Amino acid sequence: MAEVPAAERQFVLRNVVDESPGVHREDLLREAARFFGWARLGVDIRDALSGDIDALIATGEVAESEGGLMPAEGA
């Protein structure tokens, strides 16, 4: 996990959200882990990716609602 920079993980997360608007957080975590070749979501991977999703929401790049994660308006 430490060998993959946060910027790269966030890039992948944003792309998945762009390609699958409304994706739920758990599905996004699994898809990102699969992209990097991680067979399972261990605590360290889950925590890092969850933090990345929270960072994308905090910077306004991704929006979260009851309907799932969506690309931010105008992003």
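Quick note: the coordinates plus some simple rules give every number you see, no bench work behind them. Model, not experiment: these values are computed from the prediction. Cβ sites come from the backbone with ideal geometry, for glycine too, and all protein chains shown count toward neighbours.
Quick look at the numbers
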{"read-out": "Cα shape, the chain, gyration tensor, a/c 1.5 rule", "value": "prolate"}
{"read-out": "Computed helical MRE - 222 nm, the chain, DSSP H runs ≥ 4 contributing -39500 (n - 2.57), nearest 500", "value": "-17500 deg cm²/dmol"}
{"read-out": "Rounded to the nearest 20 debye, dipole of the chain from Cβ charges on Lys, Arg, Asp, Glu", "value": "240 debye"}
{"read-out": "Whole-number percent relative contact order across segment 6-66, with pairs defined as alpha carbons under 8 Å at least 6 apart", "value": "38 percent"}
{"read-out": "Extension gain, VAL43 back to GLU73 (0.36 nm per residue minus Cα-Cα distance, nm)", "value": "7.7 nm"}
{"read-out": "Surrounding net charge for GLY68, when Lys and Arg each add one and Asp and Glu each subtract one, Cβ distance under 12 Å", "value": "-3"}
{"read-out": "Charge sum, other residues only, whose C-beta stays under 14 Å from ASP18's C-beta, Lys/Arg counted +1 and Asp/Glu -1", "value": "-3"}
{"read-out": "Top positive-direction residue, dipole computed over the chain with Cβ charges, set GLY68, ILE53, GLY42", "value": "GLY42"}
{"read-out": "With Cα atoms, 0 to 90° folded angle of helix 25-35 axis to the chain main axis", "value": "50 degrees"}
{"read-out": "Förster-model FRET efficiency, 30 Å R0, ALA7 and SER65, C-beta, rounded to 0.05", "value": "0.75"}
